[in-house]
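Following: one structure in structure tokens, then a few remarks.
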Amino acid sequence: MEQGAEALACAARLPQLDPWWAETPPGRRLGYLNPPRTGLEGEVLSWLGQVGRPARLVYHSCSAGTLARDLTALCVDGYRVERLTPYDFFPQTRHVECQVHLTCSTVP
């Protein structure tokens, strides 16, 4: 899979989260995701599902295909979709944005 500059820059910043994340109580860890059309990079998905494990996530997507791929990976890692809301910001076009609320079934 080809990775855009935005995704590579995001994965490169993951180590910066560790000190801040360690100071935040596990049940209070929240995440807001708004990736480019290419979706979340593999390293970011792995970090969210196996290291960071925020109690709740909100994922805003402009691509149904990458949203489905990323949600599958997050659900395998123990997240559950609570709500999915489509937004038609561009009427009379094929573009639909989606916002998904997820909760983690096992918060460390």
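With the condition kept exactly as written, say whether any residue in the stretch 1-24 is at pLDDT 85 or above, under 13 Å from the mean Cα position of the chain (by Cα), more than 22 Å from Thr85 (Cβ to Cβ) and surrounded by 13 or more Cβ atoms within 10 Å (Cβ to Cβ).
no
List, please: which pairs have Cβ atoms under 6 Å, are six or more places apart or on different chains, and start with a residue in the stretch 72-92 that is at pLDDT 95 or above and end with one that is of a type in the set (Lys, Arg) and surrounded by 12 or more Cβ atoms within 10 Å (Cβ to Cβ)?
none
Pairs, please: C-beta under 9 Å, at least 6 apart or cross-chain, first residue in contact (Cβ under 8 Å) with a residue 60 or more places away in the chain and in the stretch 42-58, second surrounded by 16 or more Cβ atoms within 10 Å (Cβ to Cβ) and of a type in the set (A, V, I, L, M)?
Close Cβ pairs (under 9 Å, with a partner that is surrounded by 16 or more Cβ atoms within 10 Å (Cβ to Cβ) and of a type in the set (A, V, I, L, M)) do not exist here.
Considering the stretch 45-71 alone, what residues qualify as being among the β-branched types (Val, Ile, Thr) and under 11 Å from the mean Cα position of the chain (by Cα)?
Step one: filter the stretch 45-71 for residues among the β-branched types (Val, Ile, Thr), giving 51, 58, 66.
Listed by number, the residues that qualify are Val58, Thr66.
Given the conditions (1) surrounded by fewer than 16 Cβ atoms within 10 Å (Cβ to Cβ); (2) under 14 Å from the mean Cα position of the chain (by Cα); (3) of a type outside the set (D, E, K, R), report the number of the one that Phe90 does not fulfil.
So the condition that Phe90 fails would be (2).
If you take the residues of the stretch 48-64 that are at pLDDT below 95 and closer than 18 Å to Ala11 by Cβ, which of them is surrounded by the fewest Cβ atoms within 10 Å (Cβ to Cβ)?
Gln50
How many residues, within the stretch 98-108, are more than 15 Å from Leu45 (Cβ to Cβ), out of contact with any Asp or Glu (no Cβ under 6 Å at 6 or more places or on another chain) and at pLDDT 95 or above?
Count: 2.
The values are calculated or read from the model by the stated rules, or taken from the named source; none is laboratory data. If you're wondering where the values come from, they're calculated on a predicted model, not measured in any experiment. A quick note on method: Cβ atoms are made from the backbone with ideal geometry, for glycine too, and the neighbour counts reach across all protein chains shown.
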